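In what follows, a structure is listed as C-alpha cells, so that the remarks can point back to it.
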Amino acid sequence: MKWTLFVSAGVAVLAVSTVSASANDTGLAGIHDLRREGKKLCMSDHFHNGNSAAQPSKAAALQAAISSWAGFTSLEYGSAWASFKKAASKQVTCTQGASGWGCDINARPCK
C-alpha cells in the first residue's frame, strides 16, 4: 500500500513537471518565421499588441499595456516568449484623456 502511494506521488510530480516545462514554450511560435537577432530568437514579422486605458499615470498605463501584451503572448506561445524587455521593434504610444492615461504597444516576441 505504501509503495502504491509513493508511485502515485511520483507520477503526480512528473505530471506537474511536464506541465511547467511546456508552459514556457508551447511550440506554436514555429508557425511564424523566426530569426536570430543577436542572442535572441525573434518572430520575423509577427507583432503582438497590448493596451491600457483609464490609468492614473503614464507609468501605470505603460505597465498595464505591457502586462496585456505579455499575457496574450504567454497564452499563445508560452512564457518564454512573453518578455516585453526582450521583444523587438517596440512601438509605444501613450496619451492622456479625460478618464486618465492609456497606452498602446506593439512588438515582435523574442526569447
(message) Among the residues in region 64-78, are any assigned to a loop (DSSP other than H, G, I, E, B) and charged (D, E, K, R)?
(response) no
(request) Could you please tell me which pairs satisfy a Cβ distance under 9 Å, a separation of 6+ or placement on different chains, a first residue in region 24-38 that is assigned to a strand (DSSP E or B), and a second residue that is open to solvent by 60 Å² or more (accessible area, probe 1.4 Å) and of a type in the set (S, T, N, Q)? (result) none
(message) With the requirement that a residue be farther than 18 Å from GLN91 by Cβ, out of contact with any Lys or Arg (no Cβ under 8 Å at 6 or more places or on another chain) and assigned to a strand (DSSP E or B), what does region 39-62 give you?
(response) GLN55
(request) Go through region 54-69 and give me each residue that's open to solvent by 20 Å² or more (accessible area, probe 1.4 Å) and either in contact with a helix residue (DSSP H, G or I) (Cβ under 9 Å, 6 or more places away or on another chain) or aromatic (Phe, Trp, Tyr) (or both). (result) ALA54, GLN55
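The values are calculated or read from the model by the stated rules, or taken from the named source; none is laboratory data. In this text the structure is predicted, and so the values were computed from the model without any measurement. Cβ coordinates were reconstructed from backbone atoms using ideal geometry, including for glycine residues, and neighbour counts include every protein chain displayed. Note: accessible area is taken over every heavy atom of the protein model, side chains too, but ligands, DNA and RNA are not part of it. Shrake-Rupley method; radii C 1.70, N 1.55, O 1.52, S 1.80 Å.
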